[in-house]
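The values are calculated or read from the model by the stated rules, or taken from the named source; none is laboratory data. In this text, all values refer to a predicted model and were calculated from it rather than measured experimentally. In this analysis, Cβ positions are derived from the backbone assuming ideal geometry, glycine residues included, and neighbour counts consider all displayed protein chains.
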Amino acid sequence: MPTRTPVVLITGASRGLGSGIAIHCAKLGFSVAINYAGNQKAAAATAEECSKHRVDKAQRFIPIQANVNSREERLRLLETTLKEFGRIDALVNNAGIGPRVRADITEMTEESFQEVLGINLQGAFFLTQAVARHWLKGTKKPAIASGFKIIFISSVSAGSVSLNRGEYCISKAGLSMASKLWAARLAGNGIQVYELRPGIMLSDMTRGVKQKYDALLTEGLVPQQRWGTAEDVAQAVGSILSGQFPFSTGAVITVDGGLHLHTF
């Protein structure tokens, strides 16, 4: 039977930004469906850490394996979430990858393009479609007072050029438009949609270029002169899920320490 404990489904939640978001949601009283593609051990560790921070004994934290690049697995992810929790109140589209090999766009392969866009854009778009269809059946009432929520975690790369990872930039630019489309479509149904646009974040994805960006941060590339963290993104997610932006559907919220500012 559905409970009144709000449930958030977070894709790519076993590590990095997704894990940080899951743990923060636990602190806010949410149950969390912790989606992961392959790292079961990391997903279990995230669930355990969430349990340490629960504020209500009714909260539950369940890892659910699914590759969002697969239609069948996306649908299974939603079905399993509903079976385990009885409800879903928010979706955080966080799962994302960079290219396996960074290459100039003159050397980019179609295989890399398809893999990155399949996970980062297609997976997020059609998982959102599946969740939205579930809500639009009209029989579900949100456990969060301000209504159902969808969050797309995009990137500063949605508007910035990186010639050696063009497929990533294209995927994030598409994700930004997907957020706008869903915000416009669902606003009349009381469902709010937001895009969070992180900047230079300390994560698995940036580990290989840490030295490069350490130097750039020292030189002032980011006005706040530090790396972004999972907690920075998690706090923004928490503010949205807590209903602190009730009249801002479709908003693009930057979490980048001022990187987006055009300075001279």
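Among the residues making up the stretch 167-204, those that are touching a helix residue (DSSP H, G or I) at 6+ places or on another chain (Cβ under 7 Å) and at pLDDT below 95 are Gly199, Ile200, Met201, Ser203, Asp204.
Quick grid of which residues meet (1) crowded, with 18+ Cβ neighbours inside 10 Å; (2) β-branched (Val, Ile, Thr); (3) not in a helix (DSSP H, G or I):
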{"position": "Lys141", "(1), (2), (3)": "no, no, yes"}
{"position": "Ser146", "(1), (2), (3)": "no, no, yes"}
{"position": "Ile150", "(1), (2), (3)": "yes, yes, yes"}
{"position": "Ser157", "(1), (2), (3)": "yes, no, no"}
{"position": "Ala178", "(1), (2), (3)": "yes, no, no"}
{"position": "Ala184", "(1), (2), (3)": "no, no, no"}
{"position": "Met205", "(1), (2), (3)": "no, no, no"}
{"position": "Gln224", "(1), (2), (3)": "no, no, yes"}
{"position": "Phe245", "(1), (2), (3)": "no, no, yes"}
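Annotation note: Cβ proximity below 6 Å between a residue of the stretch 245-259 that is more than 20 Å from Ala158 (Cα to Cα) and a residue that is modelled with pLDDT under 95 and among the hydroxyl-bearing types (Ser, Thr, Tyr) (sequence gap 6+ or interchain) occurs for Pro246/Ser146.
Quick one: which helices (runs of 4 or more DSSP H) lie wholly within the stretch 1-111 and hold at least 3 residues that are touching a residue at least 40 places away in the same chain (Cβ under 8 Å)? Those helices (runs of 4 or more DSSP H) span 16-27, 71-85. Within the stretch 1-31, being of a type in the set (A, V, I, L, M) and over 15 Å from Ala95 (Cα atoms) holds for Met1, Val7, Ile23, Ala26, Leu28.
Taking the stretch 131-190 as the range and being basic (Lys, Arg), out of contact with any Asp or Glu (no Cβ under 8 Å at 6 or more places or on another chain) and farther than 21 Å from His260 by Cβ as the test, the residues that pass are Arg133, Lys137, Lys140, Lys141, Arg185.
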